[in-house]
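What follows is a structure written as structure tokens; I'll ask about it next.
The values are calculated or read from the model by the stated rules, or taken from the named source; none is laboratory data. Everything numeric here is computed off the predicted structure, so don't read it as measured data. Note: ideal-geometry Cβ built from the backbone for every residue, glycine included; neighbour counts use all protein chains shown. With ligands, DNA and RNA removed, areas are computed over all heavy atoms of the protein, side chains included. Shrake-Rupley method; radii C 1.70, N 1.55, O 1.52, S 1.80 Å.
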Amino acid sequence: MMKKSVALFGTLIAFLALSCGGDTTIHLHEENNTAEIKAAVEKVFSPDLAITELVLSTPKLDTRLDQIAVVFWEGDKEYTQTYNQKNGLQEKSENNLMLQIEHIKKEADQRKANAFKIKDIDYSKKYDNFIKAVKLVMEEYPENSEETYDNFLLHSYRFKATGPNEIRESLTVQAKKVGEAVQHHARSTTTNYYEFTFVVLDNGELEWR
């Protein structure tokens with residue numbers, strides 16, 4: 001079983017190498033692109049912007065960084081603002097916090113107090129955590145079982161304030177189920193995909209969500 005798992009992981013690495021190519025496109029799952037990711041985020045949003053959440057994401061079954069979203073505060077209001085490759089920077093939208101409810105207002109105040117600056121985000125663990133996630137999925141659904149997956153992609157990576165000076169990372173991996181048929185239509189092709197979400201614990205290990 002171990003040999004089969006190693007072989008399957010080799011297929012994954014080959015797929016990653018093929019998808020990254022030699023172009024200048026930023027691929028979210030790619031190794032050693034911390035500087036490129038940081039530059040892309042700080043080109044859209046000020047490095048000094050205090051936020052409570054940042055999400056990087058790709059289109060489904062795609063490797064390219066397509067969307068950058070942040071949650072931030074202005075005064076007593078919390079907003080979400082999104083940038084995507086097709087439409088550029090969108091107008092900020094106010095989050096409905098129902099602040100008239102006391103316990104929700106208290107939670108909102110705590111989120112605001114936990115905000116961190118964009119320039120302080122560390123992107124360096126993104127690739128390693130992606131590989132850890134893939135290995136966990138492969139261990140849970142080994143190649144010789146009735147259900148197994150391949151063609152893994154990093155679909156989203158999230159940084160979220162969860163306490164004073166505490167940023168919790170989480171990620172969602174997409175994959176195809178081995179042996180599942182692709183459906184061909186007159187003008188399109190449909191491929192099913194599956195998502196696996198993990199949160200990064202304080203000790204660096206991943207936990208299923």
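Somewhere in the range 44-61, is a residue buried (at least 18 other Cβ atoms within 10 Å of the Cβ), among the acidic types (Asp, Glu) and at pLDDT 95 or above?
Yes - at least one qualifying residue is present in the range 44-61.
Let me ask something additional. Are there any pairs, at least 6 apart or on different chains, whose C-beta atoms fall under 7 Å, with the first in the range 193-204 and more than 30 Å from residue 183 (Cβ to Cβ) and the second open to solvent by less than 50 Å² (accessible area, probe 1.4 Å), and if so, which?
Close Cβ pairs (under 7 Å, with a partner that is open to solvent by less than 50 Å² (accessible area, probe 1.4 Å)) amount to 199/170; 200/129; 200/169; 200/170; 200/206.
Give the residues of the range 122-151 that are assigned to a loop (DSSP other than H, G, I, E, B), closer than 25 Å to residue 37 by Cβ and not acidic (Asp, Glu), sorted by residue number. Don't jump to the end; show me each part of the working.
Filtering the range 122-151 for residues assigned to a loop (DSSP other than H, G, I, E, B) gives 122-125, 141-148.
Narrowing further to those that are closer than 25 Å to residue 37 by Cβ: 122-125.
If the condition is that a residue be assigned to a loop (DSSP other than H, G, I, E, B), closer than 25 Å to residue 37 by Cβ and not acidic (Asp, Glu), then 123, 124, 125 are the ones that fit.
Within the range 152-209, take every residue that is outside any strand (DSSP E or B) and of a type in the set (Asp, Glu) and give me the one that is modelled with the lowest pLDDT. It would help to see each step written out before you state the result.
Here is the first cut: in the range 152-209, the residues outside any strand (DSSP E or B) are 164-165, 178-182, 185-188, 191-193, 201-205, 209.
Narrowing the set further to residues that are of a type in the set (Asp, Glu) leaves 180, 202, 205.
Numbers: 180: 88, 202: 95, 205: 98.
Restricting to residues being outside any strand (DSSP E or B) and of a type in the set (Asp, Glu), the top hit is 180.
Of the residues in the range 110-119, how many are surrounded by fewer than 15 Cβ atoms within 10 Å (Cβ to Cβ) and either at pLDDT below 90 or under 19 Å from residue 171 (Cβ atoms) (or both)?
Step one: filter the range 110-119 for residues surrounded by fewer than 15 Cβ atoms within 10 Å (Cβ to Cβ), giving 110, 113, 117, 119.
If we keep only those that are either at pLDDT below 90 or under 19 Å from residue 171 (Cβ atoms) (or both) too, we end up with 110.
Of the residues in the range 110-119, 1 are surrounded by fewer than 15 Cβ atoms within 10 Å (Cβ to Cβ) and either at pLDDT below 90 or under 19 Å from residue 171 (Cβ atoms) (or both).
Which ones in the range 140-163 are on the phi < 0 side of the Ramachandran plot and in contact with a helix residue (DSSP H, G or I) (Cβ under 7 Å, 6 or more places away or on another chain)?
Within the range 140-163, 142, 143, 144, 149, 150, 152, 154, 157, 161 meet the criteria.
Suppose we keep only residues that are of a type in the set (Lys, Arg) and assigned to a strand (DSSP E or B) within the range 52-82. Which one would you say is farthest from residue 159 (Cα to Cα)? Write out each step before concluding.
Within the range 52-82, the subset of a type in the set (Lys, Arg) is 60, 64, 77.
Retained after the next criterion (residues that are assigned to a strand (DSSP E or B)): 64, 77.
Values: 64: 19, 77: 20 Å.
Only one residue fits best here, namely 77.
Next question. Return yes or no: is residue 126 charged (D, E, K, R) and either crowded, with 17+ Cβ neighbours inside 10 Å or within 14 Å of residue 159 (Cβ to Cβ) (or both)?
The answer is yes for residue 126.
Scanning for something assigned to a loop (DSSP other than H, G, I, E, B), under 28 Å from residue 152 (Cα atoms) and in contact (Cβ under 8 Å) with a residue 40 or more places away in the chain, does the range 108-121 turn up at least one residue?
yes
Could I ask something else about it? Between 139, 107, 94, which is of a type outside the set (Ser, Thr, Tyr) and either within 26 Å of residue 28 (Cα to Cα) or open to solvent by less than 80 Å² (accessible area, probe 1.4 Å) (or both)? Break it down into steps so the answer makes sense when it comes.
Numbers: 107 fails: either within 26 Å of residue 28 (Cα to Cα) or open to solvent by less than 80 Å² (accessible area, probe 1.4 Å) (or both); 94 fails: either within 26 Å of residue 28 (Cα to Cα) or open to solvent by less than 80 Å² (accessible area, probe 1.4 Å) (or both).
Just one listed residue meets the conditions, 139.
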